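J.: Structure in structure tokens, see below.
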Amino acid sequence: MNIQPIDSPISEFTCDALVIGIHKNLQLSGQLADIDRATDGMIQRLIDQEEVTGKRGDLVELLDPRNLKASRLLLVGLDEADSLDQKTAFQAAGHAAKHLAAKPRKRVAFYFGDDVPDDISSAAICGMMTGCQGQDLYRAEKKLNVPDQVFWYGVNQPAIDEGRLFGESANTVRRLVNEPPSVLIPSRFADDIRHLVEDCEIDVEVWDQERLAQERCGALLAVARASVNQPRLVILRYRGAGAGDPALALAGKGVTFDSGGLSLKPSDAMKTMKCDMAGAATVVGTMIAIAKLQLPVNVVGLVGLVENMIGGNAYKLGDVLTARSGKTIEVLNTDAEGRLVLADVLNVAGDEKPARILDLATLTGACLVALGTNVAGLMTNNQPLCDQLVDASKKTGEPVWQLPMFSEFGEQIESDVADIKNISEGRWGGAITAGKFLEHFVGEIPWVHIDIAGPSFREKPQAWIDAGGTGSMVRTLVELIRRLA
Ligand code: BES
Ligand code: ZN
Ligand code: ZN
């Protein structure tokens, strides 16, 4: 897809489709007034008839609008003009783009207003790019078609470049999540990562099974043991600020398939478990974005890639594992594997001496129960860092919500036979007991755990994005890292 700015009068622009953002209670002015004039007052009439309301989620398509050189006009709601934010722009652009992508298009133009702030324009461009990209990787006849050329009115080149970068990063995350689990096995994931960061200033180090054993990553290796596909740990180093320790480590759960292990999942719960590497994919997408933006900051990304399977050599309930940190873990449920993988990944992250750590993981179904499918759960040992992340997410409109880390939750994972156990007695507060487990492996380093079990994957399509991986949190993490730089 090629994206270009335009500044010629949009009412005279030749294209397959012209997408126009409409606000609530709008006084037609500027370019919109021109279009209204060209169409003999059609836009105003539609507003008067309340056919076009400007409400978020509204989409009205007009075919062959008279006196315009566009073959169709799409009017999308942007809510109130004075409160236009990234979320509304992202979803509105995605909605229009997804609608248009039902057929191949050559030229599509967007107009969301004359003075849209750059960050909102780039969120819209990102939304447009994710909107027209489907989960149909393996479908001969695509359900969604990416348009050849997109034109955006009133946007400068840097905002376009940034929007395109966010869109590409999010779509990379989505593609990785959407790959079938027998395709994206750990070794292939590691190869893809090498490939993806080839044209970035990122150093890649890959630990194979042998190295993981030398490093005594006993928790990660136990999870991987029953799979014929060997695990990997990938370290990505981006040094935008030159020498010195990283300002941030990003750790990701990369369970390329979670069968549950001997605590086998029922079919219905297993069928979406290719998504269990979304944390790792989000780390990779974010590293690519900050490297291409050349942010002046050092960040290290670490992803633990394993398959959680069954077999004669599977790790068992009652096993006691020794994590890389030396802590011993009693295994009471092999489906609580993400925290075991992250225990070792977080310990390796600590060796990099980062000033802070964030981890991303599709860690618990309990987080979905607590917060629903759209909201990421945050757990922290450092309130100021968590507040920074919450602030960044308010700007990007990717919702997060903090959960408490009271010590009572920690008591629930005390074990009689080892230092800790990998599940609590009951299932209540399961997102938090998982967070408490991870806290054991970050030491004194300020840290936030981001449980993305909900927002990273959709079973059903939405108006602005197809089902499958969502690519969520990339824009929020880049926003946070920008503020650290
Ligand atoms: N990968 C799952 C969590 C998950 C559930 C992610 C639904 C996305 C959607 C995780 O490994 C898991 O199975 N967790 C268990 C923990 C339990 C055994 C303590 C869960 O949530 O049921
Ligand atoms: Zn599991
Ligand atoms: Zn899992």
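The values are calculated or read from the model by the stated rules, or taken from the named source; none is laboratory data. What you see is a predicted model; the values in this text were computed from it and never measured. Using ideal geometry, Cβ is built from the backbone for each residue, glycine included, and neighbour counts are taken over all protein chains shown. Please note that ligands, DNA and RNA were not included when accessible areas were found on the heavy atoms of the full protein model with its side chains. Shrake-Rupley method; radii C 1.70, N 1.55, O 1.52, S 1.80 Å.
J.: Inspect the range 233-240 for any residue being assigned to a strand (DSSP E or B), under 25 Å from residue 272 (Cα atoms) and over 19 Å from the mean Cα position of the chain (by Cα) and give the result as yes or no.
T.: Yes: one or more hits.
J.: Having 2 or more residues that are away from ligand 1 (no atom under 16 Å from the Cβ) and open to solvent by 30 Å² or more (accessible area, probe 1.4 Å) is the bar; report the strands (runs of 3 or more DSSP E) wholly within the range 304-383 that clear it.
T.: In the range 304-383, 320-322 are the strands (runs of 3 or more DSSP E) which contain 2 or more residues that are away from ligand 1 (no atom under 16 Å from the Cβ) and open to solvent by 30 Å² or more (accessible area, probe 1.4 Å).
J.: Name the one entry in 250, 264 that is over 14 Å from residue 186 (Cβ atoms) and open to solvent by 40 Å² or more (accessible area, probe 1.4 Å).
T.: 264
J.: Another question about this same structure. Within the range 282-296, identify whether any single residue is in contact with a helix residue (DSSP H, G or I) (Cβ under 7 Å, 6 or more places away or on another chain), in a helix (DSSP H, G or I) and either at positive phi or within 16 Å of ligand 3 (Cβ to nearest atom) (or both), and answer yes or no.
T.: yes
J.: While we're looking at this one, here's another question. I'd like the full set of residues that are buried (at least 20 other Cβ atoms within 10 Å of the Cβ) and either farther than 18 Å from residue 463 by Cβ or assigned by TED's automatic domain parsing to the domain that holds residue 478 (or both), limited to the range 63-83.
T.: Hits for the range 63-83 are 68, 70, 73.
J.: Looking at (1) open to solvent by 20 Å² or more (accessible area, probe 1.4 Å); (2) in a helix (DSSP H, G or I); (3) within 18 Å of residue 368 (Cα to Cα), which is the one condition that is false for residue 404?
T.: Unmet condition: (2).
J.: On the given criteria, is residue 166 at pLDDT 95 or above, of a type outside the set (S, T, N, Q) and touching a Cys at 6+ places or on another chain (Cβ under 6 Å)?
T.: Considered against the rule, which asks whether it is at pLDDT 95 or above, of a type outside the set (S, T, N, Q) and touching a Cys at 6+ places or on another chain (Cβ under 6 Å), residue 166 comes out as yes.
J.: Please go through the range 293-303 and pick out each residue that is crowded, with 21+ Cβ neighbours inside 10 Å and more than 17 Å from the chain's Cα centre (by Cα).
T.: Hits for the range 293-303 are 298, 299, 300.
J.: How many residues, within the range 414-440, are in a loop (DSSP other than H, G, I, E, B) and surrounded by fewer than 17 Cβ atoms within 10 Å (Cβ to Cβ)?
T.: Residues that pass the stated criteria total 7.
J.: Let me ask something else. When residues of the range 441-473 are filtered for being of a type in the set (A, V, I, L, M), surrounded by 22 or more Cβ atoms within 10 Å (Cβ to Cβ) and closer than 30 Å to residue 131 by Cα, how many remain?
T.: The number of residues fulfilling the criteria is 6.
J.: Counting residues that are touching a residue at least 12 places away in the same chain (Cβ under 8 Å) and open to solvent by less than 60 Å² (accessible area, probe 1.4 Å), which helices (runs of 4 or more DSSP H) fully inside the range 154-227 reach at least 3?
T.: 157-178, 186-196, 218-224
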